Amino acid sequence: MKSQIRTTVNAADPGVMITALESLSQEVFSQRARDYDLQARFPAENFTDLFHINALAAPVAPGFGGLGFAPEYGNVNALWQMTRAIAKADLSFARCWEGHNNALMLIDKLAKTEQKQRWFSEVMQKGHRWAAWSGEPQTKLPHQQYSIGTRIEKRDSGYVINGNKVFATSAVGANRAILLVSLAGPGGAREVSDGENNLLMLACDLSDPSISFDGDWWDPIGMRSTVSYKVNFDNTFIPAKDCIGEVGEFLTRDMQSRFTPHYGVSFLGALDAAYEYALNLVNSQQRQQDPYVQQHIARVKLNIDTLSLWMEQVAQSLDQQQFDRAREQGAQFRFLAEQLAQEGVALCIKICGARALNKPSVLERIYRDLSIYVQHDNADHILATIGRRALGVKVDNAFFKLKA
């Protein structure tokens with residue numbers, strides 16, 4: 001089957017790739033998800049399977065061997081359909097997949113030709129996996145004994161990094177990571193007000209012995225197989241040739257807002273899985289005539305259909321290069337996806353009862369994964385940003401804050 005899929009996918013036919021990915025997700029990824037979750041283990045085998053069907057460079061320009069499933073090439077919807085299928089099988093794996101693709105899109109958009117040739121060839125020929133890390137929260141929790149953040153020292157031939165990052169998705173599974181770091185000090189991409197003058201994107205080889213991973217930091221209720229460890233940098237040197245784009249370009253080119261709707265796609269995929277679980281249970285128990293079940297099923301279906309329409313609308317705006325419009329729609333979709341996915345999953349739990357929250361229920365894992373993944377951005381800030389735009393108030397388009 002793999003050789004047949006490989007041959008057809010080389011034609012970069014979106015329909016063929018999406019069908020292949022949906023089959024792989026349903027037949028293979030969904031079966032592995034439970035063990036990955038229980039063991040909090042990175043889904044390396046899933047990435048290997050994606051490599052075998054030529055899916056690892058989905059958003060990369062065809063000229064560099066990719067499929068061109070990105071806004072610049074008029075087909076981001078194909079990428080999102082792939083993400084939706086993966087999230088339906090395993091939301092935790094979908095986060096790793098998203099991070100990989102976000103990193104490749106940054107490279108495709110902002111890197112030099114030599115960098116693209118070097119890194120994309122490793123993805124295509126060796127199956128290299130990427131991540132993009134920004135997390136450096138500055139406020140300690142009551143039980144937290146250490147500070148978080150990186151400090152960068154500029155050298156003639158590159159940069160030296162000391163400190164740490166947290167929420168580093170795919171920490172022990174990725175080959176390389178794009179580090180969003182600031183010359184102004186700890187804070188990464190989210191906390192430094194003058195990031196446009198200080199924010200760097202550095203491509204880091206994670207096999208560097210100066211880098212270590214703290215797995216004890218990561219013991220959440222859900223999204224466990226993202227292995228989003230604390231990563232420590234001890235005089236880690238990044239050569240200048242591995243610096244991506246210009247200082248602050250991540251912000252000045254408004255890259256983050258292109259990734260925002262991708263989170264909503266994953267939430268939708270998780271809701272697809274919960275809905276399917278509830279339908280199967282209702283049918284197996286012959287409860288189709290229960291009026292309350294009928295109402296709950298209708299609500300969940302309406303949530304799915306609503307988000308599907310929103311996803312298509314945002315994708316269309318991006319593919320048509322209408323980035324201002326897509327920015328607003330993307331934030332709206334991201335907010336609605338969190339609200340409607342959580343509501344839908346809650347209704348599925350109500351339909352299925354408490355037994356559905358007992359391992360190894362798929363619904364139990366979806367509930368845990370979704371509850372932590374939606375914390376990636378603050379829904380209150382997203383909603384306030386939508387209101388600010390409607391009121392004509394200046395906003396930070398990247399991170400849902402007031403514009404300084």
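What is the local net charge at Ile351, summed over the other residues whose Cβ is closer than 11 Å to its Cβ (Lys, Arg +1; Asp, Glu -1)? If you can, show how the numbers build up before the last one.
On the way: positive: Arg287, Arg299, Lys350; negative: Asp290.
In short, +2.
Among Glu98, Glu343, Glu27, determine the one that fluctuates most according to a GNM of the chain built with springs between C-alpha atoms less than 10 Å apart.
Ranking Glu98, Glu343, Glu27 by mean-square fluctuation puts Glu27 first.
Taking mean projected area of the Cα convex hull in nm² straight from the coordinates, which label in [x] 20.0; [y] 17.2; [z] 22.9 is the correct one?
The calculated read-out lines up with [x].
With contacts defined as alpha carbon pairs under 8 Å and 6 or more residues apart, what's the relative contact order of the chain in percent?
Numbers: 718 pairs, mean separation 64.7, N = 404.
About 16 percent, as a whole number.
Per DSSP H run of at least 4 residues, take -39500 (n - 2.57); add these up for the chain, divide by its residues and hand me the 222 nm value, nearest 500 deg cm²/dmol. Don't skip to the end; give the middle numbers.
Working: 13 runs with 203 residues, N = 404.
The helix contribution divided over the chain gives -16500 deg cm²/dmol.
Of all trypsin sites (Lys or Arg not before Pro) in the stretch 6-87, which ones are in loop regions per DSSP and have a Cβ with at most 14 other Cβ atoms within 10 Å? Walk me through the numbers before you get to the answer.
On the way: sites: Arg6, Arg32, Arg34, Arg41, Arg84; in loops: Arg41.
When the trypsin sites (Lys or Arg not before Pro) of the stretch 6-87 are filtered for loop state and at most 14 Cβ neighbours within 10 Å, nothing remains.
Which peptide among 258-269, 13-24 comes first, and what is the full order, when sorted by highest mean count of other Cβ atoms within 10 Å? Intermediate values should be presented prior to the final figure.
Values: 258-269: 25.2, 13-24: 18.3.
Top of the packing list down: 258-269, 13-24.
Roughly speaking, to the nearest percent, how much of the stretch 86-136's 1.4 Å accessible area is carbon and sulfur? Display every interim value, and only then the final one.
Values: 610 of 1400 Å².
Carbon and sulfur together cover 43 percent of it.
If you average the C-alpha positions of the stretch 91-105 and of the stretch 246-291 separately, how far apart do those two centres end up, in angstrom?
Between the Cα centres of the stretch 91-105 and the stretch 246-291 lies a distance of 14 Å.
With only Lys, Arg, Asp and Glu charged, each at its Cβ (+1 for the first two, -1 for the last two), find how big the charge dipole of the chain is about the Cα centre; round to the nearest 20 debye.
On the way: 42 positive and 44 negative charges, 66 e Å.
That gives a dipole near 320 debye.
Heavy atoms only, 1.4 Å probe, whole protein assembly: order Lys109, Lys165, Lys241 by accessible area, highest first.
On the way: Lys109 65, Lys165 0, Lys241 115 Å².
Output order, biggest surface exposure first: Lys241, Lys109, Lys165.
Search the structure for amide H atoms under 5 Å from the amide H of Gly245, placed 1.01 Å from N in the peptide plane, and list their residues when 5 or more places away or on another chain.
Lys112
Just Glu114, Glu328, Glu246 to compare: in a GNM of the chain, with alpha carbon springs under 10 Å, which one fluctuates most?
So, out of Glu114, Glu328, Glu246, the one fluctuating most is Glu114.
How high is the relative contact order of the stretch 320-385? Use alpha-carbon pairs under 8 Å, at least six apart in sequence, and give a whole percent. Walk me through the numbers on the way to the answer.
Working: 20 pairs, mean separation 23.6, N = 66.
Relative contact order, the stretch 320-385: 36 percent.
Can you tell me the dipole magnitude for the stretch 353-403 around its Cα centre, using point charges on the Cβ only (Lys, Arg +1; Asp, Glu -1), in Debye to the nearest 20?
Details: 9 positive and 5 negative charges, 15 e Å.
So the magnitude is around 80 debye.
Between the stretch 224-245 and the stretch 347-384, how many Å separate their Cα centres?
Using only Cα atoms to place each centre, the spacing works out to 30 Å.
Roughly speaking, to the nearest percent, how much of the stretch 239-328's 1.4 Å accessible area is carbon and sulfur? Walk me through the intermediate numbers first.
Details: 2050 of 4180 Å².
That fraction is 49 percent.
What accessible area per residue comes out for the stretch 235-373, rounded to a whole number of Å², with a 1.4 Å probe?
On the way: 6070 Å² over 139 residues.
Value for the stretch 235-373: 44 Å² per residue.
Write down the accessible area per residue of the stretch 24-85 in Å², having rolled a 1.4 Å probe over the full set of protein chains. Walk me through the numbers on the way to the answer.
Numbers: 2100 Å² over 62 residues.
Computed with neighbouring chains in place, this is 34 Å² per residue.
Counting only C-alpha contacts under 8 Å and six or more residues apart, can you give the relative contact order of the stretch 214-329 as a whole percent? Walk me through the intermediate numbers first.
Details: 41 pairs, mean separation 21.0, N = 116.
The normalised contact order for the stretch 214-329 reaches 18 percent.
Scan around Asp396 for amide H atoms under 5 Å from its own, H built in the peptide plane at 1.01 Å from N, and keep only partners 5 or more places away or cross-chain.
Close amide H contacts, sequence-distant or interchain: Lys401, Leu402, Lys403.
The values are calculated or read from the model by the stated rules, or taken from the named source; none is laboratory data. On a predicted model such as this, the values are computed, not experimentally measured, just so you know. With ideal geometry, Cβ positions are generated from the backbone for all residues, glycine too; neighbour counts draw on all protein chains shown. What goes into the accessible areas is simple: the full protein's heavy atoms, side chains included, and nothing from ligands, DNA or RNA. Shrake-Rupley method; radii C 1.70, N 1.55, O 1.52, S 1.80 Å.
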